[in-house]
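The values are calculated or read from the model by the stated rules, or taken from the named source; none is laboratory data. Since this is a predicted model, take the numbers as computed values, not measurements. Here the Cβ positions follow ideal geometry from the backbone for every residue, glycine too, while neighbour counts run over all protein chains shown. Ligands, DNA and RNA are excluded from the accessible area calculation, which covers all protein heavy atoms including side chains. Shrake-Rupley method; radii C 1.70, N 1.55, O 1.52, S 1.80 Å.
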Amino acid sequence: MPVINRQVLEEFIRTGENALNTTEQGRALEEFICSLFALVPGITITHRNALNVFDTEEIDVALWNDCDDAGLSFLPNIILVECKNWSVRIGSEEVNWFDTKLRHRGLDFGILISPKGITGNQDNLSAAHSIISKALAERRRLVVLTTREILELGDTDDLSHLIKKKLCNLAVNGALV
């Protein structure tokens, strides 16, 4: 259970907050995520900012998961991560676009990183919460992590538990809680 260095992650957040443009903001969040997941046993960052062969869809971060027992053994081998370093919650259009990327690749799981979370109400499945609920009905599980949640983690076991909790909430409630 590798320890997560909160100071390193906070520095990536500061870099994003002080960025001169949205490209630099996004890059800072991607660095934040890559430094986090690189700590997880069995996880390898395989791609960053990769376009598909048609030049129509970009994947921010792709992870290979060896399913190490000390890591994320409960998740699939291929994990796509979408990073949205916005100062507001991301909406249904962006969540839907990430879900579309997963569907186009035949994948059933993805992680969306948004400092402020997503729009809508989880209780009545409005806005972006509706997209996640509909994806679940089609056997795709989308997990949203905020930077605040990540900064509260002490080690990679905590990350594993957070994702497990979100997946169970998604399955039980049909929505993120």
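Apply the Karplus curve 6.51 cos²θ - 1.76 cosθ + 1.60, θ = phi - 60°, to the phi angles in region 161-167 and return the couplings in whole Hz, x for Gly and Pro.
Each residue of region 161-167 in turn: 5, 5, 5, 4, 4, 5, 5 Hz.
Counting heavy atoms of the protein chains only and a 1.4 Å probe, report the per residue accessible area for region 86-173 as a whole number of Å².
48 Å²
For the chain, what is the convex hull (Cα atoms) projected area averaged across all directions, in square nanometres?
With the hull built on Cα positions only, its mean projection is 9.5 nm².
With each pseudo-label sitting 7 Å past Cα toward Cβ, what's the Asp69-Thr44 distance in nm, one decimal?
2.2 nm
If I ignore ligands, DNA and RNA and count only protein heavy atoms, how much of Thr156 is accessible to a 1.4 Å probe, in Å² to the nearest 10?
The accessible area of Thr156 comes to roughly 0 Å².
Just from its helices, what would the mean residue ellipticity at 222 nm be for the chain, if runs of 4 or more DSSP H residues each count -39500 (n - 2.57) and the sum is divided by every residue, rounded to the nearest 500 deg cm²/dmol?
Result for the chain, helices only: -13000 deg cm²/dmol.
Nearest 0.05, what FRET efficiency do Ala19 and Lys165 give at R0 = 35 Å with Cβ-Cβ as r?
Here the calculated transfer efficiency is 0.65.
For region 46-106, run through the chymotrypsin sites (Phe, Trp or Tyr not before Pro) and keep only the ones in DSSP coil with at most 10 other Cβ atoms within 10 Å of their Cβ.
Within region 46-106, the qualifying chymotrypsin sites (Phe, Trp or Tyr not before Pro) (loop, at most 10 other Cβ atoms within 10 Å) are Phe54.
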